[in-house]
Amino acid sequence: MRLPRKDGLNIVPFVDIMLVLLAIVLSTASFIAHGQIKVNLPESSTAKIDKNDKKVVVTIDDANNFFLDGNKINKDDLKDKIMQIDDKTQVQLASDGDAKFSSFIEILDILKSKNHENFTIQTEVKK
């Protein structure tokens, strides 16, 4: 007695699995890329996650552009905005690892000229 010979490989289940995986990847990718400024933060072993709601975020990207709460701003306007904020408002500084250090120092100088000492430097948690 002979067993029937198979005509070929059935790839329909394989295609179904691949479509499900593609749907998962696309749905998670839409959550990840939601329009934030791309900044590669330096790592720190003492980094903490900040949960303060009342804060102003100053970001410097790798092209040394300044952003205030996600909106691009020039240095003079940034200085004016920082001078107007309350001393109790926390300023969170996020600088790309490839940005010039002098850009970061400019922000610190603006804060020092105002005597604003409530600021944090945002870093990634070192793994």
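The values are calculated or read from the model by the stated rules, or taken from the named source; none is laboratory data. Just so you know, these numbers come straight off a predicted model, no measurement behind them. When we count neighbours, we look across all protein chains shown, and the Cβ atoms used for this are built from the backbone with ideal geometry, even at glycine.
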Note: among THR120, THR89, just one is in contact with a strand residue (DSSP E or B) (Cβ under 7 Å, 6 or more places away or on another chain) and in contact (Cβ under 8 Å) with a residue 60 or more places away in the chain, namely THR120
The lone condition THR123 fails out of (1) modelled with pLDDT of 85 or more; (2) surrounded by 11 or more Cβ atoms within 10 Å (Cβ to Cβ); (3) farther than 22 Å from ASN71 by Cβ is (1)
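Out of LEU93, LEU21, LEU78, which single residue is modelled with pLDDT of 80 or more, assigned to a helix (DSSP H, G or I), within 17 Å of ILE121 (Cβ to Cβ) and not basic (Lys, Arg)?
Values: LEU93 fails: assigned to a helix (DSSP H, G or I); LEU21 fails: within 17 Å of ILE121 (Cβ to Cβ).
Just a single option satisfies the conditions, and that option is LEU78.
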Kindly check whether there is at least one residue in segment 29-41 that is surrounded by 10 or more Cβ atoms within 10 Å (Cβ to Cβ), of a type outside the set (S, T, N, Q), at pLDDT below 85 and under 17 Å from THR120 (Cα atoms). yes
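On the given criteria, is ASP50 within 19 Å of the chain's Cα centre (by Cα), modelled with pLDDT under 70, in a loop (DSSP other than H, G, I, E, B) and of a type in the set (Asp, Glu)?
Details: within 19 Å of the chain's Cα centre (by Cα): yes; modelled with pLDDT under 70: yes; in a loop (DSSP other than H, G, I, E, B): yes; of a type in the set (Asp, Glu): yes.
Yes: the conditions hold for ASP50.
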Output for Cβ contacts, cut-off 8 Å, separation at least six or different chains, first residue closer than 11 Å to ILE107 by Cα in segment 70-82, second of a type outside the set (A, V, I, L, M, F, W, C) and not in a strand (DSSP E or B), reads LYS75/GLU106; ILE82/LYS114; ILE82/HIS116
